[in-house]
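All of the numbers you see were taken from the coordinates with simple rules; none came from a lab. Keep in mind that what you see is a predicted model, and the values were worked out from it rather than measured. Here the Cβ positions follow ideal geometry from the backbone for every residue, glycine too, while neighbour counts run over all protein chains shown.
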Amino acid sequence: MLTNGLGQLLLEQAPLSNRVFDPFSGSASVVWFLAEKTNCQIVAGDLQKYSTDLANALLLRNAPLTDDHINALENWVTLAKTFHETIKIDLEFKKTKKCVFENRRTAKSSCFNLTNAYGGYYFSVDQALKIDSLLYFLPEHEPIKSIAITGLIEAASQCVASPGHTAQPFQPDGNGLISIMEAWKRDPFHYVERKITDLVKRHANRIGIAKTSNAIDLLDMLEEGDLVFLDPPYSGVHYSRFYHVLETISRNSWVDVSGTGRYPDPSKRPISDFSKRGTSIKAFDDLLNKISSKKAKAIITFPSGDCSNALSGDLVKTVSKKYFKVKRDLIKSHFSTMGGNTSNRPARVESNELVLLLEPK
Ligand SMILES: C[S@@+](CC[C@H](N)C(=O)[O-])C[C@H]1O[C@@H](n2cnc3c(N)ncnc32)[C@H](O)[C@@H]1O
């Protein structure tokens, strides 16, 4: 969507605003886009901590990383590689169901968090132990902590044996087995190093703020003259179900998981009023009411049709008109893989997306 009109609208409106808020920042792609392309201060938030880490990888700095910090990150990876050599377990790597089950059996008795929770499912035992080694020596202080976690999130996303997100791992049958082996061949250390090399040169133009927070609470900081970018949930399934592996990495503490998706218990995952059919409309109304009461502007992007959380493009427009002047009303098309399809493969579905520019009445 950033290359399809939304980015242009944001770049046009951001310089006319004091700060830009992104209270549903997710992958932080909009945060990074605005942080690097405008001089505005960016205030990002999301219920999921991993999203805050991604945002902070750029928002905490307004200059490239110093040599001392770069050395610290390089030492971190070297230490983890050495440690991995001492804890690694030699398992035969074969394109067979037996190999997958042997990975699962071995992982079950591991005392390392990620290996115990996801080894043999989303990652091979060897990949999981590499990620655990990196987590074991994770830098404690910013600005390098969030860069290190961002490297790990990138590595996990590239290596994970699941379709597009982590709602369910591939199962070792037919094409699923081929997909597992393709994913398990990838080396997490390679992706971590590649991401760090990219990030150390990059930075925000102005230091920003990222918080793990409910959107409505983040907007307590909002003031007249600010712009809010809104990309709220459109799914009736909590996002924490799709991204629990990334959240486990970011939180770096022990999780007990169960079921085919290897989820932590629902009580341990962030839940959102926006993803519940009974509360989503009120949550959205409260959000727009708050933004309008602060006399701030907003840009909303939302699927134009009916969504599984009971919100719809029409409803988003109706609530927007209640509180704001709708200055721009665009429809753009894009591809989405969110949710997959029934065969557990990523479904790249073309969908129409509503983009609204809202100004105070
Ligand atoms: C549609 S996604 C946003 C995607 C994002 N713009 C990107 O580029 O990746 C919605 C996000 O809202 C977050 N979320 C859901 N409910 C929330 C709430 N009440 N407050 C803050 N964030 C929430 C989810 O964790 C998810 O990351």
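Computed from Cα atoms, the angle from the helix 174-184 axis to the main principal axis of the chain rounds to 90 degrees. When the Cα positions of ILE89, SER280, PHE170 are compared along the charge dipole of the chain, SER280 comes out farthest toward the positive end, with charges on each C-beta of Lys, Arg, Asp and Glu.
Normalising the average separation of contacting C-alpha pairs (under 8 angstrom, six or more residues apart) by the number of residues puts the relative contact order of the chain at 20 percent.
Close amide H contacts of GLN41 (hydrogens built in the peptide plane, cut-off under 5 Å, sequence separation of 5 or more or a different chain): VAL20.
Please identify the longest segment of the chain free of exposed GluC sites (Glu not before Pro), where exposed means a DSSP state other than H, G, I, E or B and no more than 16 other Cβ atoms within 10 Å. The longest uninterrupted stretch comes out as 225-361.
Label sites at ARG277 and ASP198, each approximated as a point 7 angstrom past Cα along Cα to Cβ, lie 3.8 nm apart. Here the Karplus relation 6.51 cos²θ - 1.76 cosθ + 1.60, evaluated at θ = phi - 60°, turns the backbone of the stretch 208-218 into coupling constants of x, 10, 10, 9, 7, 7, 5, 3, 5, 6, 4 Hz, with x for every Gly and Pro. Note on the chain: with charges restricted to the Cβ of Lys and Arg (+1) and Asp and Glu (-1), its dipole about the Cα centre is near 680 debye. In this structure the amide hydrogen of GLU353, modeled in the peptide plane, comes within under 5 Å of the amide hydrogens of SER304, LYS332, SER333, HIS334, none closer than 5 places in sequence on its chain.
Rg and Dmax over the alpha-carbon atoms of the stretch 22-157 stand at 17.6, 55 Å. Couplings for the stretch 197-205, taken from phi via the Karplus curve 6.51 cos²θ - 1.76 cosθ + 1.60 with θ = phi - 60°, read 4, 5, 6, 4, 7, 9, 6, 6, 6 Hz in order; Gly and Pro are left as x. In this structure the amide hydrogen of ARG328, modeled in the peptide plane, comes within under 5 Å of the amide hydrogens of LEU357, none closer than 5 places in sequence on its chain. What the phi angles of the stretch 151-161 give under the Karplus curve with 6.51, -1.76 and 1.60, with θ = phi - 60°, is a coupling list of x, 5, 5, 4, 4, 5, 5, 6, 9, 5, 8 Hz, glycine and proline written as x.
Checked against a 22 Å cut-off, the cross-linked pairs LYS290/LYS325; LYS81/LYS211; LYS145/LYS201; LYS211/LYS294 give Cα-Cα distances beyond that limit for LYS81/LYS211.
Taking square-rooted eigenvalues a ≥ b ≥ c of the alpha carbon gyration tensor, is the stretch 146-253 rounded, prolate or oblate, where a/c under 1.5 means rounded and, failing that, a/b exceeding b/c means prolate? Oblate shape, in that a/c is at least 1.5 and b/c is the bigger or equal ratio. Taking a ≥ b ≥ c as the square roots of the eigenvalues of the alpha-carbon gyration tensor, the stretch 209-361 is classed oblate because a/c is 1.5 or more while a/b is no larger than b/c. In this entry, the chain is assigned a mean projected area of 17.2 nm², taken as a quarter of its C-alpha convex hull surface. A cut-off under 15 angstrom between Cβ atoms defines the neighbours of ASN75, and their net charge, with Lys, Arg +1 and Asp, Glu -1, is -3.
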